[in-house]
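Everything below concerns the one structure shown next.
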Amino acid sequence: MKKASPVDSRPRGRPRQFDRDHAVATALSLFRAHGYEGTSIAHLTQAIGVSATSLYGVFPSKEALFEEAIALYQNTEGAFAAAALERASTAFDAIHGLLMEAAVRYARSDRTGGCLIALGVLSCGVEHREIAQRMEERRSAARDAIKARLDRGRQAGELPQAADTRALAAFYAATLQGMSIQARDGASAQELEGIAQTALVPLDLYRTSRSMKAGSTKT
């Protein structure tokens with residue numbers, strides 16, 4: 001009589017060779033290059049090297065994978081923005097650092113640069129409207145972070161009390177979005193830095209005016 005083979009009690013989950021981190025990083029590269037709607041499941045499975053069944057066994061949908069890719073972007077490549085706003089001692093230096101670092105980071109020879117939050121889902125079908133809404137919310141949060149830094153500068157006397165920090169924040173957010181599009185069109189880091197320098201003129205005028213007033217007070 002043959003001895004019955006023992007029952008394999010190991011949990012049956014996704015294949016051991018599936019590397020989730022690799023999948024998310026690969027998906028991020030594809031979403032950067034093609035956007036959400038331009039990246040198909042076929043593109044993802046081919047690049048990651050798994051079947052659709054294996055992919056869906058880990059990520060319930062392309063949308064879920066996109067959300068993880070966005071989180072990865074915000075914690076790595078996109079994290080420079082918040083850091084730039086916080087590490088500088090003045091509002092001018094914060095915005096200067098933000099724009100200049102963006103110029104370097106956005107420029108890519110393969111034209112996949114720019115900000116993924118700005119470019120990932122600009123227009124989409126009705127069925128993807130919720131995804132677009134979440135991206136809009138992320139862009140709004142980025143604009144609010146810029147405004148908060150400008151507000152701190154105004155409270156510190158770096159900007160006049162009459163300065164419209166909401167409008168300034170919207171202007172700098174729009175500048176970053178425009179730089180993203182220019183980067184996709186092939187603009188170099190030097191060209192993007194030129195845009196950034198021009199955009200800094202309003203803040204520089206505030207700074208110069210403050211210095212002149214301080215000088216006249218001393219005399």
**Item:** Phi-based couplings in Hz for region 154-171 (Karplus 6.51, -1.76, 1.60; Gly and Pro marked x)
**Value:** 5, 5, 7, x, 6, 10, x, 4, 7, 4, 8, 5, 5, 5, 4, 5, 5, 5
**Message:** Need one value: the accessible area of V201 in square angstrom, 1.4 angstrom probe, rounded to the nearest 10.
**Reply:** 70 Å²
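What whole-number value in Å² describes the accessible area per residue of the chain for a 1.4 Å probe?
On a per-residue basis, the chain sits at 58 Å².
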**Message:** Can you work out the Karplus-derived ³J(HN,Hα) for every residue in region 31-41? Use 6.51 cos²θ - 1.76 cosθ + 1.60 with θ = phi - 60°, whole Hz, and x for glycine or proline.
**Reply:** 5, 4, 6, 10, x, 5, 5, x, 9, 9, 4
**Item:** With all protein chains modelled, accessible area of S40 [1.4 Å, Å²]
**Value:** 40 Å²
**Prompt:** What base-10 log of the normalised intensity I(q)/I(0) is obtained for region 105-152 from the Debye formula, alpha carbons as equal point scatterers, at q = 0.22, 0.30, 0.31, 0.33 Å⁻¹?
**Reply:** -0.84, -1.00, -1.03, -1.08
**Asked** Quick one, which of [x] 16.1, 46; [y] 23.3, 109; [z] 19.0, 60 is the actual Rg and Dmax of the Cα atoms in Å calculated for this model?
**Response** [y]
**Request:** Take the Cβ-Cβ distance between F80 and A47 as r, set R0 to 35 Å, and report the resulting FRET efficiency rounded to the nearest 0.05.
**Result:** 0.85
**Fill in**
Taking the alpha-carbon centre of each part, the distance from region 37-106 to region 110-164 in Å is 15 Å
**Cα→Cβ-extended label distance, 7 Å offset, between D19 and A156, nm** = 4.3 nm
**Accessible-area composition of region 68-219, carbon plus sulfur, in percent [1.4 Å probe]** = 53 percent
**Request:** First select every other residue whose beta carbon is under 12 angstrom from the beta carbon of L192; then total the charges, Lys and Arg +1, Asp and Glu -1.
**Result:** -1
**Fill in**
Cα-based Rg and Dmax for region 61-101, in Å, come out at 13.7, 44
**Asked** Cβ under 12 Å from E136's Cβ, E136 left aside: what net charge do those residues give with Lys, Arg +1 and Asp, Glu -1?
**Response** +3
**Asked** M100: accessible area at probe 1.4 Å, nearest 10 Å²?
**Response** 30 Å²
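The values are calculated or read from the model by the stated rules, or taken from the named source; none is laboratory data. Worth saying up front: this structure is predicted, and the values here are computed from it rather than measured. Virtual Cβ from ideal backbone geometry, glycine too; neighbours counted across all protein chains shown. Accessible surface areas use protein heavy atoms only, side chains included; no ligands, DNA or RNA. Shrake-Rupley method; radii C 1.70, N 1.55, O 1.52, S 1.80 Å.
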